Amino acid sequence: MEMQKWIMSGLFFAACAFAVVLLFTLPGKAEVAEESKPTMPQVTLDAASAEAIVTANCISCHGDQLQGNVGPSLQHEGSEHDAEGIYSIVSKGRGQMPSFKDKLAPEEIANVALWLAEKK
Ligand code: HEC
């Protein structure tokens, strides 16, 4: 009985030590996301310009009413992601979604991100 107690507390101690080591060696998930997220420039929303950019670059995959096609619907994108999140996806691309960082200016992507983030 006494032996078992020792083994149990030994195991418990080892588990705690392991957890502490993990805590300090694994970068937090939030940290990783933060680091890989491009910084969105500050812009004032210009809805007309955002619509023109989206019509020229996005509706082929997301549908002319943003209802979705090859890509998912963006009609309620603001409920899925905030402007920063959308900015990151559009800049870097994701899966079948191409990156737009060489095609659009950061300010244009930011404007589109603000516009889409308002669609809740
Ligand atoms: C070649 C087709 C294509 C084009 C062009 C395209 N997209 Fe996409 N988009 C996709 C696909 C496919 C996904 C799904 C990506 C995934 O998660 O695998 C996607 C995902 C997204 C998402 C994330 C949706 C979510 O909530 O998960 C956003 C936001 C988005 N696109 C915005 C845009 C914008 C803005 C443009 C124009 C500047 C654009 N897309 C142009 C195909 C496209």
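Nothing in this text is a laboratory measurement; each read-out follows from the coordinates by a stated rule. These numbers were taken from a predicted model, which means no experiment stands behind them. FYI the Cβ positions are ideal-geometry reconstructions off the backbone, even for glycines, and counts take in every protein chain you see.
Side notes on the structure shown:
- Only Cα pairs under 8 Å and 6+ residues apart enter the sum, and on that basis the relative contact order of the stretch 78-120 stands at 52 percent.
- Fewest-first sequence of Leu114, Leu45, Leu104 by Cβ atoms within 10 Å of each Cβ: Leu45, Leu104, Leu114
- Footprinting exposure proxy ranking of Met8, Met40, Met3, fewest other C-beta atoms within 10 angstrom first, gives Met3, Met8, Met40.
- Subtracting the Cα-Cα distance of Asp82 and Gln67 from 0.36 nm times their residue separation leaves 3.5 nm of extension gain.
- Rounded to whole Hz, the Karplus (6.51, -1.76, 1.60) HN-Hα couplings of the stretch 52-67, x for glycine and proline: 5, 5, 5, 4, 6, 10, 10, 6, 4, 9, 9, x, 5, 10, 6, 7
- The ranking of Asp102, Asp64 by Cβ neighbour count inside 10 Å, starting from the fewest, reads Asp102, Asp64.
- Computed from backbone phi with θ = phi - 60° and the Karplus coefficients 6.51, -1.76 and 1.60, the 3J(HN,Hα) list for the stretch 93-106 is x, 6, x, 7, 7, x, 7, 10, 5, 9, 10, 10, 5, x Hz; x is used for glycine and proline.
- Structural descriptor for the stretch 37-117: relative contact order 40 percent, calculated from alpha carbon pairs under 8 angstrom and at least 6 residues apart.
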